[in-house]
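The values are calculated or read from the model by the stated rules, or taken from the named source; none is laboratory data. Since this is a predicted model, take the numbers as computed values, not measurements. Heads up, the Cβs are rebuilt from the backbone with ideal geometry, glycines too, and the neighbour counts pull from every protein chain shown. Remember, those area values only see protein heavy atoms, side chains included, never the ligands or the DNA or RNA. Shrake-Rupley method; radii C 1.70, N 1.55, O 1.52, S 1.80 Å.
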Amino acid sequence: MSADKNIDKDTMGQGTSGGEAMPGRRESLALFVRLVRPYRGQVVATLLLLLCDVVGMLYIPTELSAMINAAIGQQGSDLLSHATRMLVAAIAGSGGCIASYWMAAHLAANVARDLRVAVYQKSLALSAADFSRLGTGSMITRTMGDANVVQQTLMMCFVMLAPVPVTCVAAVILSFATDWQMGWVVLGVTLGMLAVCAVALAKSAPIFVKMQQLVDAMNTRLRESITGVRVIRAFNRQRMDRERLDGTFEDYASHAIRVNMVFTLADSITFFLSNFVEVLVIWVGADRVGAGAMQIGSINALNNYAMIIMFSMMMAQFAILQIPRARACLARAAEVLGTEPRVLDAPEAAEADRELVAAGPADEVVRFDHASFRFDDADVDTLHDLDFSVRRGQVCAVIGNTGSGKSTVAKLLLRLFDVTEGAVLIQGRDMRELPQRALRSHVAYVPQQAWLFSGTIAQNLRDGRPDATDEELWHALDVAQGGFVRDLPDGLDSRVSQGGKNFSGGQRQRLAIARALVRHADLYIFDDSFSALDYKTDAALRHALRGELGDAAMLLIAQRVSTIHDANQIVVLDEGQVVGLGTHDELMRDCREYREIEESQTRGGGADD
């Protein structure tokens, strides 16, 4: 279990990198103000409606006290006027309460929506390294769960916390106006309740921060278990996986119990003070009435003032205890929004793109100009001194053993990472000078993991080009050897489940290839995209691609030598360095590493990436 505990600590630490501190209270407050600022008018209207509710709530016991005193004093003519004013106050207060609750709910929903959209849009702008640092599970929690916590807390703060200062101050003033000694009693109980809330807040705040990190850990654990359920079953690791999950859940449960203990203790003290102040008001009030210092009806008013204060403070306590959790959620969102993407567009990027378009297609589509790349946490380069080009109308293949950096080449071309040395040129321009959106419009990419989105086949293919016609989609499918779609009852309208799990691996790859072909690009990147295809389909697809992509450049990253045998240029990578460059025949003659790969596959070994 100790190893699992360490894993959980690593999982919870995904939100911050190498000693980088979580944004503090100032950043959280600044984000909150930024989110609420567009709704200033709605905030003011909500507070005014809450004020109507408070005034009506406090005015009723005042009039009730006057009514009781008038009845005891046999002043019957005043009873109707007091009752009428109480009715008007009740209607005004109830109307203000209902309207304020509706407006507060609407405001909280808008703020949470804006927070979700901001975090999601920021996640799209982050580089692969930024996203990896934050963690996928953590990003899901920050986008969904954290925004929900902020929404609920904001709603509670408006309807439970915002009226409390006015209610307490007004009730204490009215108590002093009724009788100065009773006013001190009510003020003392109010201060006692404030002290209870302050202690509860101080105790619960750090626990809530830890709980949000544990939510990330649970999310990551569950995601791993659900995604890898087949592997878990295949290796009979159900018990060990359950123990891992139990350890994570127990950590969260222990912290939740600690928070609930704080809640329970605060509630107990609150209920004790409520009963205590009621007894104290009646006891002291009776002495004051006996001394002729106040009337009997005033005891009822003072008791109501005290109960209103206690009830308001109890409700405020629930909101206050949620504030640390909401602040932790805002801090986590602020961390994402405050992250400066490592891959940024240059200030003159738009002008560079216009110049590139004006220059027209170039023969040399891509050139690696002594390019090197190293991950932040690595001691050596993942790719070192790459120097080769990919030309229009030609097929350039990249091959190498596992871990040689083949897929990283594709990620550099998509500018998911920036080179650390040298440059990658697109049609003669350093890709760092171009806008990322414009750069990727020149590239069509088929990843190793052929991912499809839930929807229809047509919708997935049109991710390549939204305005593509059905004829163009069918043509792309034919080139990608996707004839199986014609056999489906609904054809292009056939449903696709999340990730395309309702299709086989080879079918998913062919659909992903068709999606790339729909886009009219200068460079087509196939990152080990033929691995799930049989040799016959592989050969037919490569033959079709040559005829289809004659005016574009094609970069083919593969494991099988048979897949790249006919490429115009083959780049052999070994530990991130180019150790061979040429055609198949030239490499078989001059490159030992390439010969070893070819011989191992000829003997039936094969290499997996």
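Each Lys and Arg adds +1 at its Cβ and each Asp and Glu adds -1 at its Cβ; summed about the Cα centre, the chain shows a dipole of about 1960 debye. Packing, taken as the mean count of other beta carbons within 10 Å per residue, orders the peptides 370-379, 195-204 from highest to lowest as 195-204, 370-379.
Surface composition of segment 25-85: carbon plus sulfur atoms contribute 67% of the solvent-accessible area (1.4 Å probe, protein chains only, all chains present).
Under 24 Å between alpha carbons: how many lysine pairs meet that in the chain, if sequence neighbours fewer than 8 apart on the same chain are excluded?
For the chain, qualifying lysine pairs total 5.
Note on Asp478 and Asp363: with the Förster distance fixed at 30 Å, the Cβ-Cβ geometry gives a FRET efficiency of about 0.55.
With the full set of protein chains in place, find how many percent of the accessible area of segment 88-135 is carbon and sulfur; take the probe as 1.4 Å.
71
With axes computed from alpha carbons, what is the tilt in degrees of helix 40-72 against the longest principal axis of the chain, rounded to the nearest 10 within 0 to 90? The angle comes out at about 20 degrees. The order of the peptides 304-317, 221-234, 425-438 by mean Cβ neighbours within 10 Å, most packed first, is 304-317, 425-438, 221-234. Computed with a 1.4 Å probe over protein heavy atoms only, the accessible surface of the chain comes to 49 Å² per residue. Would you work out if segment 221-352 is rounded, prolate or oblate? Take a ≥ b ≥ c from the square roots of the eigenvalues of the alpha-carbon gyration tensor; rounded if a/c is under 1.5, else prolate when a/b is larger than b/c, oblate otherwise. It comes out oblate by the Cα gyration axes. Ordering of 169-180, 32-43 by packing is 169-180, 32-43, highest average first (other Cβ atoms within 10 Å, averaged per residue).
Scanning residues 5 or more positions from Gly400 or on other chains, those with amide H under 5 Å from its amide H are Leu573, with H placed 1.01 Å from N in the peptide plane.
Can you give the relative contact order of segment 46-195 as a percent, counting alpha carbon pairs under 8 Å and 6+ residues apart?
27
Rolling a 1.4 Å probe over the protein chains gives Thr602 an accessible area of about 100 Å². In segment 515-609, what % of DSSP beta bridges are antiparallel (nearest 5)? DSSP beta bridges in segment 515-609 are roughly 50 percent antiparallel. For the chain, adding -39500 (n - 2.57) for each run of n ≥ 4 DSSP H residues and dividing by the number of residues yields -21500 deg cm²/dmol at 222 nm. Most simply put, segment 388-535 has about 50% antiparallel DSSP beta bridges, counting only bridges with both residues inside it. Please report the carbon-and-sulfur percent of the accessible area for segment 440-561; probe 1.4 Å, protein heavy atoms only, DNA, RNA and ligands left out. Carbon with sulfur: 48 percent of the solvent-accessible area.
Looking at the chain alone, DSSP beta bridges between its own residues are antiparallel in about 55 percent of cases. Note on Rg/Rh (Cα atoms, Kirkwood Rh): of the candidates (i) 0.96; (ii) 1.16; (iii) 0.99, the value calculated from this structure sits at (ii).
Sorted into 5 angstrom bins from 0, the C-alpha pair distances of segment 105-172 split as 3, 17, 19, 15, 12, 10, 8, 6, 4, 3, 1, 0 percent. What separates the Cα centres of segment 459-507 and segment 520-561 is a distance of 17 Å. Note on Glu278: accessible area approximately 70 square angstrom, rounded to 10, probe 1.4 Å, nucleic acids and ligands left out.
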